[in-house]
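This report refers to the structure that appears directly beneath it.
The values are calculated or read from the model by the stated rules, or taken from the named source; none is laboratory data. As the structure is a prediction and not an experimental result, all values here were calculated from the model. With ideal geometry, Cβ positions are generated from the backbone for all residues, glycine too; neighbour counts draw on all protein chains shown.
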Amino acid sequence: MRFDVLTIFPAFFEGFLAYGIVRRACQRRQVEIGIHNLRDWTYDRHQVVDDRPYGGEDGMVLKPEPIFRAVEALTHRQSNPSVVLLTPQGRRFDQSMAQHLSRQSQVVLICGRYEGVDERVAEHLATEEISIGDYVLSGGEPAAMVVMDAVIRLLPDVLGNPTSAQKESFQTGRLDYPVYTRPPVYRGHAVPAELLTGNHAEIELWRRRAALRKTLRYRPDLLTDQTRLDEIDRRLLT
Ligand code: 6GU
C-alpha cells in the first residue's frame, strides 16, 4: 500500500521514517510513504498556505487551493484513494479504522494546522475526517504518524509473527496481560509465582485474570460489550 502525507512540516517525519518497523517495511517495499510539502502547490511568491477566517476570530485557516491541487496531483483515480483529513473534529481513530485503512491501496493524509482547515476540504475532497483522541494537538503531523504506524503493522508480513497482531488488545476486547522478565525478584518485588511454574494452563489463567483486572481498572468501557470476550473471560468476570 501507499501513503502520501501533505504537511507544511515535512521534516517532522524524518525520524518516523528512519527507525524500526516503519523503516524496515519501507525497505522491503511492503509500504511506500511519500512526504509532501503543501507549499509546493502554492503559486504565489511567498508560498502562502493560510489566510484569515471569514467572520473574524483569532488564528489562521489553511486555504483550500493548495490542498485540492496537491491531492489531485498525488492520487490516481483508478486506485480509489482514501483521502483522510486529520483534525480534532474527526471520527475517533480506533483499531477497526486501522484495519479498514490497511486494506486500501492508497491513503492520503492531510495534516491540519493552525486553527483549522477550510471546511470545503472536509466536505468536497476528503473521504473521511479522523481525530486520534479527545485532546488537541497543535497540528495533524503526530496524528499522521500514529495512523501510519497502526496501519503499517497490520500489513501482511510486516510483523515477525503473523498471529501477534491478532492477539493484541482491542482485537480481543480486553487489554493485553502484563509481562515480566528477569530478574525474578527486583528490589524486593517478585514476579508472580504462577508465571514461573512452567504450567501452561496455570500461566494462561493468570494472564487472563490479570488482563481483565487491568481492563476493569483503566478501561471498564471495553467490558460493557461482553460479546467480544470469549467464554472463559465471561466466566472469570462473573
Ligand atoms: Cl488529527 N489533529 C489535531 N490537531 N489535534 C488532534 C488530532 C488531530 N487528534 C486528536 N487531537
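Note on segment 56-79: residues that are within 16 Å of the ligand (Cβ to nearest atom) and either hydrophobic (A, V, I, L, M, F, W, C) or assigned to a strand (DSSP E or B) (or both) amount to 4. Taking segment 166-191 as the range and being hydrophobic (A, V, I, L, M, F, W, C) and either within 18 Å of Ile232 (Cα to Cα) or over 24 Å from the mean Cα position of the chain (by Cα) (or both) as the test, the residues that pass are Phe170, Leu175, Val185, Ala190, Val191.
Applying the criterion of being in a loop (DSSP other than H, G, I, E, B) and surrounded by 13 or more Cβ atoms within 10 Å (Cβ to Cβ) to the residues of segment 176-229, the residue that is modelled with the lowest pLDDT is Leu229. Filtering segment 16-26 for residues that are among the charged types (D, E, K, R) and either within 16 Å of the ligand (Cβ to nearest atom) or outside the structural domain of Val136 (by TED's automatic domain parsing) (or both) leaves an empty set. None of Arg92, Arg113 is in contact (Cβ under 8 Å) with a residue 40 or more places away in the chain, basic (Lys, Arg) and more than 21 Å from Ile35 (Cβ to Cβ) except Arg92.
Taking segment 1-23, which residues are touching a residue at least 12 places away in the same chain (Cβ under 8 Å) and either part of a helix (DSSP H, G or I) or among the aromatic types (Phe, Trp, Tyr) (or both)? So that I can check it myself, show each step before the final result.
At the first step, the residues of segment 1-23 found to be touching a residue at least 12 places away in the same chain (Cβ under 8 Å) are 1-10, 12-13, 16-17, 21-22.
Phe3, Phe9, Pro10, Phe12, Phe13, Phe16, Leu17, Ile21, Val22, listed by residue number.
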